[in-house]
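Taking it in order: structure first as structure tokens, then the write-up.
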Amino acid sequence: MVTETTRDDMTWYECESCGLMFDSEEDARQHERNCDEENQDPSYIQ
Ligand SMILES: [Zn+2]
């Protein structure tokens with residue numbers, strides 16, 4: 001899941017799975033798709 005974070009008057013998009021931050025929501029969502037595929041954990045259900 002991608003969460004929105006405001007820091008220093010900038011909006012960042014954080015991948016909840018690994019904590020990576022992106023300045024573009026599109027980048028974050030694109031990363032999230034790959035991230036989820038690589039880090040599948042059946043016990044982690046949001
Ligand atoms: Zn990630």
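The values are calculated or read from the model by the stated rules, or taken from the named source; none is laboratory data. Note that the coordinates shown come from a computational prediction; the quantities given were computed from them, not determined experimentally. Positions of Cβ are backbone-derived with ideal geometry, glycine not excepted, and every protein chain shown enters the neighbour counts.
Structural remarks
- Among the residues of segment 28-37, at least one is of a type outside the set (Phe, Trp, Tyr), at pLDDT below 90 and not in a strand (DSSP E or B).
- All positions within segment 3-19 that are near the ligand (Cβ under 10 Å from one of its atoms) and touching a Phe, Trp or Tyr at 6+ places or on another chain (Cβ under 9 Å): 14, 15, 17
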